[in-house]
Amino acid sequence: MSHSSPVVSVSGVTKVFGEGDSDRVRALENINLDVHPGEFISLIGPSGCGKSTLLRLIGDLIKPSGGTVQVNGKSAHQARLDRDYGMVFQQATLYDWRTVRKNVQLPLEVMSYAREKREARAQEMLKLVQLEEFSRHYPWQLSGGMQQRVAIARALAFEPSLLLMDEPFGALDEMTRERMQMELLRIWSQTQTTVIFVTHSIPEAVFLSSRAVVMSPRPGRLAGIVEIDLPRPRAFETRESAPFFEKIVEVRECLRRDEVRVASA
Amino acid sequence: MSQPADLIPALEEELEAELLPEAGQALRTGQRLRRYLPAILLFLLALGAWEMAVNVFHIEGFLLPKPTVIASTFVRELPVILPAGLFTMREALGGFVLGCVLGILIALATSRWSIISDGAMPFAIAVNSTPIVALAPIMNNWFGITNPLAKMSIVAVIVFFPVLINTVRGLTQVNDGALELMRSYAAGEGAVLFDLRIPNALPFLFSAFKVSSTLSVIAAIVSEYFGGSRDALGVYISQQAALFHFAEAWAAIIVACLMGVAFYLALLVFERLVMPWHVSLRAAEE
Ligand SMILES: Nc1ncnc2c1ncn2[C@@H]1O[C@H](COP(=O)(O)OP(=O)(O)O)[C@@H](O)[C@H]1O
Ligand SMILES: [Mg+2]
């Protein structure tokens, strides 16, 4: 894996909000991270440790204060212009005035896909997230989990090489959340997209990822990386297996070690 | 908006549930009758009381005509007041369209540069809460007292501000997440405008339209009180009142009310055609 050239390469990145102000926030400090093709990476850490900030830097929604972010061998900015990113946030942010089908087609319209191609892609994506029969519904007629599946379909519609997800299941109940995690793994294995997934749930990070990137706050930095080599496909049984619990402990230890270090410093 | 924002939506829901039942839960005729029976009874009772009071207290007919007299006058005068109503309605509609078009165009132009719209909004909101209809005599002088343009321009000015204010709000008060989504697609400004800002502004726009529909009929009639064509409803009302022909004045007022309601309802139907998603969304949220 490590011999292929990275999809994302973050080196020496820092981010300071409100630079020059007295109340400036050092959100990220000296972040180095490589993400390889087909990986499922999760960013995990307590809230305020800069997970969203790192994700947004990679997606070129904000600019770093220092360091560089390379995506597919080019600048993050160029990667965004080349439409290399699909993004899914905690809020599904579907457009009220569009049906499910039309919401999935939104990026395709913006990117001037031909009509038949749009229809076909939307159909295919809705099939992937198993919402074909809801294609003519409006977003408010769907449950939160279904809305989030539409958002995933929309993000994948234009076949981006990199899927950025910021706590996409954060607003869902536990049961729906576990179902959505299974769905996401199925979609990931079918599309072979590289995923960077922000979460503050340790079991979620362990269940989904190939690597969990543990972050710690003030200033935000990497506390460690835990390889999650649990067998795939992961299923319901995975959550009850001993290696799963071992990995949870490992991530938790990593988070705690850092807390102790911060407290004693 | 500086308009009675709390009253209007409540009224709207009532009207919508009743007149366009497929939006909310369709009430069966029987249910509907039962629900509205008190209102109808109260209305009839009030008319009866009015009639009786005029009889019992010997109120002079020129001060307060009896409902029955107004009704018969209404039928008799219809050949005069109906064309007068249509004349005034044309002024109201002309001004409405003019005000809406200007308001929307200027909103589109200014919201493109938030500095301009941020700077201009407080003024627009301030002007919107002044009694613009007081300009009527000035407009009458500018355009000539019998020129319908004098009234249309008053109506246009009155309609302009709520439409401008609401359109700017609708175009600029866009969900941050939705904007980031567009940014992640590397969407151009045109796509952001047509796929996000304009659809986002439609509900704001329609709420301005609905407020303005009522305002424009009021403005047209009130500005005719300051003088205007003999064919106009406002002129008819003020002349009949000056001659103590109050039954005629009341009959014309009924026409004015009906016009206002008809205009409002037409907009409700139009809204349903343009934004079916929003109307049903509102119904679902109730
Ligand atoms: N736009 C911003 N302006 C100022 N400070 C910000 C901004 N975005 C995030 N921050 C700060 O940066 C730190 C990291 O935030 P964030 O990346 O959202 O954390 P997380 O997603 O891990 O909860 C927090 O202290 C937050 O207050
Ligand atoms: Mg966050």
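Shown here are the Rg and Dmax of the Cα trace of the stretch B:140-224, at 18.0, 57 Å. When chains B and A come together, the accessible area they lose, probed at 1.4 Å and totalled over both chains, is close to 2000 Å².
For chain B, list the DSSP H helices whose alpha carbon atoms reach 15 Å or more along the long axis and whose average Kyte-Doolittle value is -0.5 or above? Write out the running numbers ahead of the final one.
Working: long enough: B:7-19 (18 Å, 0.32); B:29-56 (37 Å, 0.79); B:67-111 (54 Å, 1.42); B:114-128 (20 Å, 1.15); B:148-172 (35 Å, 1.57); B:198-225 (39 Å, 1.18); B:246-274 (42 Å, 1.93).
Span-like helices in chain B: B:7-19, B:29-56, B:67-111, B:114-128, B:148-172, B:198-225, B:246-274.
Taking 0.36 nm per residue of separation and subtracting the Cα-Cα distance, full extension of the segment from B:Leu179 to B:Leu108 would add 23.8 nm.
Which loop-located chymotrypsin sites (Phe, Trp or Tyr not before Pro) does the stretch B:90-180 contain, where loop means any DSSP state but H, G, I, E or B and the Cβ has at most 14 other Cβ atoms within 10 Å?
Numbers: sites: B:Phe96, B:Trp113, B:Phe123, B:Trp142, B:Phe143, B:Phe160; in loops: B:Trp113.
Listed in order of number, the matching sites are B:Trp113.
Give me the Debye-computed log₁₀ of I(q)/I(0) at q = 0.06, 0.08, 0.12 Å⁻¹ for the protein assembly as shown, equal point scatterers on Cα only, no solvent, two decimals. Scattering profile of the protein assembly as shown, log10 relative to I(0): -0.47, -0.71, -1.14. When both bridge partners sit in the protein assembly as shown, DSSP labels roughly 50% of those beta bridges antiparallel. Pairwise alpha-carbon distances in the stretch B:162-286 exceed 20 Å for 60% of all pairs.
Among the residues of A:78-86, the average count of other protein chain beta-carbon atoms within 10 Å of the residue beta-carbon is 2.
Taking the alpha carbon gyration tensor of the stretch A:170-265, what are the square roots of 5 times its eigenvalues, largest first, to the nearest whole Å?
On the way: eigenvalues 129, 42, 34 Å².
Gyration-tensor ellipsoid for the stretch A:170-265: 25, 15, 13 Å.
If you model the stretch B:19-133 as an ellipsoid using its alpha carbon gyration tensor, with each semi-axis the square root of five times an eigenvalue, the axes come out at 43, 25, 17 Å, biggest first. Distance between the C-alpha centers of the stretch A:1-49 and the stretch B:211-286? Whole Å please. The stretch A:1-49 and the stretch B:211-286 have Cα centres separated by 61 Å. Using a simple spin-label model with pseudo-atoms 7 Å out from Cα toward Cβ, A:His137 and A:Glu246 lie 4.2 nm apart. Taken over the alpha carbons of the stretch A:94-159 as equal point scatterers, the Debye sum produces base-10 log I(q)/I(0) values at 0.16, 0.17, 0.19, 0.20 Å⁻¹ of -0.41, -0.47, -0.58, -0.65. Note: relative contact order over chain B, using C-alpha pairs below 8 Å and six or more positions apart, is 25 percent. Ranked by the mean number of other Cβ atoms within 10 Å of their residues, highest first, the peptides B:151-158, B:197-204 fall in the order B:151-158, B:197-204. Where Rh is the Kirkwood radius over the Cα pairs of the stretch A:1-134, the temperature 37 °C and the viscosity 0.692 mPa s, what D in µm²/s does Stokes-Einstein return? Diffusion coefficient, whole number: 190 µm²/s. Across chain A, Cα-Cα pairs more than 30 Å apart make up 29 percent of the total. For a modelled paramagnetic label at B:Phe62, 7 Å from Cα along Cα-to-Cβ, the residues of the stretch B:242-278 in reach, with backbone nitrogen under 12 Å, are B:242-247. Within the stretch B:62-285, the proportion of C-alpha pairs whose separation exceeds 22 Å stands at 58%. For the pair the stretch A:169-207 and the stretch B:103-140, the centres of their Cα atoms are 50 angstrom apart.
The values are calculated or read from the model by the stated rules, or taken from the named source; none is laboratory data. Bear in mind the structure is a predicted one, so any value in this text is a computation, not a measurement. Every residue, glycine among them, receives a Cβ derived from its backbone with ideal geometry; neighbour counts consider all protein chains shown. Heavy atoms of the whole protein, side chains included, go into the accessibility calculation; ligands, DNA and RNA do not. Shrake-Rupley method; radii C 1.70, N 1.55, O 1.52, S 1.80 Å.
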